[in-house]
Each structure stands twice: as C-alpha cells, then as structure tokens.
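Colleague: The structure that follows is given in the form of structure tokens.
The values are calculated or read from the model by the stated rules, or taken from the named source; none is laboratory data. Note that this is a predicted model, so its numbers are computed, not measured. Glycine also receives a Cβ, built like all others from the backbone with ideal geometry; neighbour counts cover every protein chain displayed. Calculation scope for accessible area: heavy atoms of the full protein, side chains included, ligands and nucleic acids excluded. Shrake-Rupley method; radii C 1.70, N 1.55, O 1.52, S 1.80 Å.
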Amino acid sequence: MTGYPTSGKSRRAIEVQKYLTERLAEENKTMRIHLVNDESLHISKGAYKDAREEKKARGAHLSAVERLLSKDDIVIADGLNYIKGFRYQLYCVARALSTPHCVIHAATPLNLVKEWNGLRGAEGYDEQVLDELVTRYEEPEGRNRWDSPLFTVIYDDEAIPGDKIWDAVVLKKPPPPNLSTVSKPVSATNYVYELDRVTLEVINAVVEGQREFGSGGLPMVMPNATQKVVNPSRNVTLSELRRLRKQFVSINKVRTTLDTSRLPDMFHCADNTHLHKAPTTYSIRITTTTTTTTTMKIIPINVLEDNYSYILIDEKTKEAAVIDPVEPIKILNVISQTGAKLSSVFVTHHHWDHSGGNIELVAKKPGLAVYGADARIPEINYVCKDHEEFKLGSLEITPLHTPCHTKGHVCYYVVDPATNERAVFSGDTLFVAGIGKFFEGDARDMYRILFHIIGNLPDDTWVYCGHEYTKQNLKFAITLEPHNENLMAKWAWCQDKTVTVPSTIGQEKLYNPFLRVNEHALQLIAGKTDPVEVLHTLREMKNSFR
Ligand SMILES: [Zn+2]
C-alpha cells in the first residue's frame, strides 16, 4: 500500500484483506494473510517528526515484511511507503523469496487529505509533519519494476480491484528470480567460486540500491542472507565495498570447510561492523604453542643468513623430524627443549645451504633416517619415491618430486589425519610471493610444478619455504601488479615481521606473480599469452631485478 498520510490507505488495506480472505476460502486455498501497519508495530505518528525515528520505523516495516512473507503468506504492507527507494526494498524482499508483489496506490487529493486529518483531531498527524510528508511523497510509477503491477484506487472508488490484485499476487507467476535469489548446495571445490559470487551479489545489491536512490539511509536487502534487512549507518562507496569484498574473500578463501550459505551473513556483517577496523587479512599460524586440537607442531628456525630449517613434531607420539638442518647444533638445542625425539631428516635438495649440516648431524645422532631424492645429498639413506607416502608418528608425509630448481628437489606435504591440518615444506621451489631459480630445469618444468603439483594442494595448506625472501619478492611483484590489493595488503602486513612463514597455497594464488601467469595484467607485461612463456619471462625479469 502507498499513499499520502490519511489518504484512506488503511481502509483500503482492510478491504484488500477482506477480499483475499473470502476468495481464499472460496477457492480452498490455505495461504495466510498478514496485515503490517504502524499500529501492529507500535510505531506512533510522532515517529515521523524525527528523521532517525522514521528510519527505524522503515526498518521495522521492512523487517516485519521480510519475516512474514513466504510463498504461502500474503503480506499487506500498510504504511506510507512514500519513498520509492523503500518500495524498491520491499520489492527486493519479494524478489528474494521468488514471490510476486503488487502496489496499491490510495490516490486522494491533498485538500481531502488535510480535511480528513483535521477530523481526526489529536489522533491525526501534526499539521507540519503532514505537509512535510506530502512534499516528500514519491508517487508510484507503473513502469518501475518495483511499482509494478500498480493499481490506483481513487478516494471515491467504490471498491478495490480485488480480482486484479488476486491475479497479481496469487495467480501470477513470480517474477523471474535473479541469480542472487537462487541458492544451490555447493561442493568444496566450488567454494572459492561461491565465495566470489555471493560477495559480489551483496555488493551489487548495495550498489544498486544506492545508485537508484542515493544515500537516503535506506535499509538494505541482502541477497541470500538469513537476516536480509540491515540498516547501514552511512553511505558506502563502491571502492570501499570492493576493498571490503577483497579482504573478506582473501580471509575466507582458506576456510573451505565453511558453510557457504553463511557467507552472505558473514560478509554483510563484516560490511557493517568492520568498516573502520583494519582487517587481519593474513593470519599466521601460531607455531610455538600447542592447542589441544593440534597434533602437528612446526617450529621455524632461522639459520645461516636467510635460510629456514624447520622442526616438525607429532605431538601424539613426540616423534620429530627436521627439514634442511644446515646448522645442527642450533636444531638440536631447540629439539631438546621440546621433549620430542628426533628420528628423521627431510632434505628438500642437495644445495649446501640445505643439506650441508647432514654429516655433522648424523655424527651427533647416529641412526637418523635421512630422506631425499638426490644422490648428491650427504648421508642420504632413504630415497623417497614421488608420492610414496610414509609416516612420522601419526602424521602422513607425501614426498612430491619437483624437479626444476634442482633435478632431485622434493617438497614434503604433511597431513595431520586427526585435524586435517596440512602443510608443505617447499624448499627452494615455492617461496612466499616468489619461486626458486631454474638451475636444472626450465619454465615448462616449473609450470607443471606450480599448476599441477603444488597448486593442486588444498588452498588451506600452510607453506613453509626454504628462505626468507618475502619482502624482496613482494617488491618485484608490486612492480608487476601495483593495483593488486591482496599484494599490497601482504606488503603492508609483512613490514614489521622478520618471519613471514607460513603463508598458504590459497594466499599465494592471490599475490605470487608466478602463480598468476594466467592473469591478463601479467600477460600484458610479459608480452605473451602462453602461460609457460609468461612464466619464463617473469623469471628472467626477476633474475635481473634489484
Ligand atoms: Zn637451493
């Protein structure tokens, strides 16, 4: 319903209710009818004196409609509904529920409205408020999709056009749902796509509302969200929304176990409450404390100038392995503090700065199993075959052959079957925001590794690499993609950090240029479209980057 204050809307609303009730009984239909008005919502006429109160009132109306409406429930929204933007919001609620709607305009000339209001005495509107509401009244237009179909009832019409309204709201097929109103169950592989789609739709809804109606402080309708109606505290710019969306997506990309139906709620929640808060875009795993659920503990140790060794502990059995122990004394010191028992050495490749401590370590701790896939590795006594899984206590280790940096390079992929937490020790193959040099391979080899081996690991896999090269890598990446907001956020994040491991596979895909060779921006820079050629060119550029 819409019309001037005291235009007879409420009388018409009751007529509509009466007509539909009788007709439903006649035709043996079981739909329910609800009448929503200021009285039922305990909104006094005084609310229209104050802009804030009035906005609350609109929010209450919209919420009530949203709560009551369904395919089996007819809601008569008897309010002023004088702002076309608000009628648009009501229409969005119906559209989101795939149920039809119509607009009934109680058309009464101004002089009559004033006369009727005067007759109500103290029950009526304050004269000034009435004038104001009339000035602000935006007449419905049938050509607007949110005002259509439109039925105008003149003040002296004997009756409402009951059968037309019946046709519109009971018989007419619902308006075609836009994509946002259709939610499908999703599989985990669909997750990132869903995340993108759903957040884009929320943004589009906000933008659509603001573009058509400006910043009237309108309540917003959020597609797919369970709480559809939100009252934004202020107008939000498109770039703000885009930034929020990107941040939201990058934070949640790694949470593949998340129920995607919750995404719209979470997103507009982030939208509402975190607008001014700096988001934690990049989470870091707490590696030095153990939670009750974590059985896989990883301790990074800075060695040499910028290398990393890692201690991997299975908390269940206290069995430990060390990855690339180039400074054995340092490693043994840390292990002795953990109470774990060192049983194995995982060597990623034969380069001195990774395997150069093996002889000393084995001399101090005889009987260690030394894993690797290159005869050049000192003390190697366990040659691991590609994908041939073995165990460290309860942890499952899968060696992934990744020949390119060296021919015998291995990345060790670890899964904790108790918690499904996973990590990869990527040596000199994948760094945070970069990759290793192609000493014994070429761009084709690296492409296969990045897109068919490492890139295939789940997005939430923690990445522990062989060197702390992050800042230098990001500097180079920024010259390529200065407009990549994920990249800039990572850059900002790492400024005060000396240890930037781990990242995740999912994060790397957002800013590591070598995992982004299919991006148009990077193809333009390389002057190539073939991803292998792009990878080759970017590697050459990085080699000469200072
Ligand atoms: Zn190396």
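Colleague: Could you say which residue among His536, His520 is at pLDDT below 95, farther than 30 Å from Pro417 by Cβ and either in contact with a Gly (Cβ under 6 Å, 6 or more places away or on another chain) or not assigned by TED's automatic domain parsing to the domain that holds Leu244 (or both)?
Modeller: His520
Colleague: Which of (1) away from the ligand (no atom under 16 Å from the Cβ); (2) closer than 16 Å to Cys411 by Cβ does Lys471 not meet, given it meets every other one?
Modeller: Lys471 satisfies all of (1) away from the ligand (no atom under 16 Å from the Cβ); (2) closer than 16 Å to Cys411 by Cβ except (2).
Colleague: Say whether the condition of being within 13 Å of the ligand (Cβ to nearest atom) and among the β-branched types (Val, Ile, Thr) is met by at least one residue in the stretch 352-370.
Modeller: Scanning the stretch 352-370, I find no residue that is within 13 Å of the ligand (Cβ to nearest atom) and among the β-branched types (Val, Ile, Thr), so the answer is no.
Colleague: Take the stretch 392-434 and flag every residue that is open to solvent by 30 Å² or more (accessible area, probe 1.4 Å), farther than 18 Å from Ala373 by Cα and touching a His at 6+ places or on another chain (Cβ under 7 Å).
Modeller: Hits for the stretch 392-434: nothing passes.
Colleague: Among Leu524, Leu510, Leu474, which is farther than 25 Å from Leu304 by Cβ and buried (at least 20 other Cβ atoms within 10 Å of the Cβ)?
Modeller: Being farther than 25 Å from Leu304 by Cβ and buried (at least 20 other Cβ atoms within 10 Å of the Cβ) holds for just one of Leu524, Leu510, Leu474, which is Leu510.
Colleague: Can you spot a residue in the stretch 384-407 that is under 15 Å from Ile299 (Cβ atoms) and touching a residue at least 24 places away in the same chain (Cβ under 8 Å)?
Modeller: Yes, some residue in the stretch 384-407 is under 15 Å from Ile299 (Cβ atoms) and touching a residue at least 24 places away in the same chain (Cβ under 8 Å).
Colleague: Can Lys437 be described as open to solvent by 50 Å² or more (accessible area, probe 1.4 Å) and either in contact (Cβ under 8 Å) with a residue 60 or more places away in the chain or within 12 Å of the ligand (Cβ to nearest atom) (or both)?
Modeller: Yes, satisfied.
Colleague: Might you let me know whether the stretch 60-69 holds any residue that is of a type outside the set (Phe, Trp, Tyr), surrounded by fewer than 19 Cβ atoms within 10 Å (Cβ to Cβ) and closer than 25 Å to Pro161 by Cβ?
Modeller: Narrowing the stretch 60-69 to residues of a type outside the set (Phe, Trp, Tyr): 60-69.
Among the residues that remain, those that are also surrounded by fewer than 19 Cβ atoms within 10 Å (Cβ to Cβ) are: 67-68.
Filter once more, so that each one left must be closer than 25 Å to Pro161 by Cβ: 68.
So far as the stretch 60-69 goes, yes, one or more of its residues are of a type outside the set (Phe, Trp, Tyr), surrounded by fewer than 19 Cβ atoms within 10 Å (Cβ to Cβ) and closer than 25 Å to Pro161 by Cβ.
Colleague: Within the set of pairs 6+ apart or on separate chains, which have a first residue in the stretch 290-313 that is farther than 16 Å from His349 by Cβ and modelled with pLDDT under 90, a second that is in a strand (DSSP E or B) and among the charged types (D, E, K, R), and C-beta atoms under 6 Å apart?
Modeller: Going by the 6 Å Cβ cut-off, the qualifying pairs are Thr290/Lys297; Thr295/Asp416.
Colleague: For the stretch 365-382, give me the residue count where each residue is closer than 23 Å to Glu440 by Cα and assigned to a strand (DSSP E or B).
Modeller: Residues in the stretch 365-382 being closer than 23 Å to Glu440 by Cα and assigned to a strand (DSSP E or B): 4 in total.
Colleague: What residue, among those in the stretch 383-432 that are of a type in the set (Lys, Arg) and not in a strand (DSSP E or B), is farthest from the ligand (Cβ to nearest atom)?
Modeller: That would be Lys385.
Colleague: Being away from the ligand (no atom under 14 Å from the Cβ) and in a loop (DSSP other than H, G, I, E, B) is true for just one of Asp445, Asp459. Which residue is that?
Modeller: On the way: Asp445 fails: in a loop (DSSP other than H, G, I, E, B).
Testing whether each residue is away from the ligand (no atom under 14 Å from the Cβ) and in a loop (DSSP other than H, G, I, E, B) leaves just Asp459.
Colleague: Same structure again: Provide a single number: the residues in the stretch 365-385 that are exposed (fewer than 15 other Cβ atoms within 10 Å of the Cβ) and either over 21 Å from Ala423 (Cβ atoms) or under 35 Å from the mean Cα position of the chain (by Cα) (or both).
Modeller: Selection size over the stretch 365-385: 5.
Colleague: Right, next: Scan the stretch 343-351 and tell me whether some residue there is surrounded by fewer than 24 Cβ atoms within 10 Å (Cβ to Cβ) and within 16 Å of the ligand (Cβ to nearest atom). If you could, list the steps in order and put the result at the bottom.
Modeller: First, pick out the residues of the stretch 343-351 that are surrounded by fewer than 24 Cβ atoms within 10 Å (Cβ to Cβ): 343-344, 350-351.
Checking which are within 16 Å of the ligand (Cβ to nearest atom) leaves us with 350-351.
Yes, the stretch 343-351 contains at least one residue that is surrounded by fewer than 24 Cβ atoms within 10 Å (Cβ to Cβ) and within 16 Å of the ligand (Cβ to nearest atom).
Colleague: Residues of the stretch 20-34 being farther than 17 Å from Ser70 by Cβ and in contact with an Asp or Glu (Cβ under 9 Å, 6 or more places away or on another chain), which ones?
Modeller: Hit for the stretch 20-34 is Arg23, nothing else.
Colleague: Continuing with the same structure: Determine, yes or no, whether Asp496 is out of contact with any strand residue (DSSP E or B) (no Cβ under 7 Å at 6 or more places or on another chain), open to solvent by 50 Å² or more (accessible area, probe 1.4 Å), assigned by TED's automatic domain parsing to the domain that holds Tyr308 and part of a loop (DSSP other than H, G, I, E, B).
Modeller: Yes; evaluated as a whole, the condition is true for this residue.
Colleague: Would you mention how many residues in the stretch 154-206 are at pLDDT below 85 and under 13 Å from Ser98 (Cα atoms)?
Modeller: 12
Colleague: So which residues in the stretch 97-118 are in contact with a helix residue (DSSP H, G or I) (Cβ under 6 Å, 6 or more places away or on another chain) and within 22 Å of Lys55 (Cα to Cα), if there are any at all?
Modeller: Answer for the stretch 97-118, where residues must be in contact with a helix residue (DSSP H, G or I) (Cβ under 6 Å, 6 or more places away or on another chain) and within 22 Å of Lys55 (Cα to Cα): just Val103.
Colleague: Sort through Glu66, Glu26 and tell me the only one that's charged (D, E, K, R) and either closer than 13 Å to Val170 by Cβ or not assigned by TED's automatic domain parsing to the domain that holds Asp163 (or both).
Modeller: When all the criteria are applied, what remains is Glu26.
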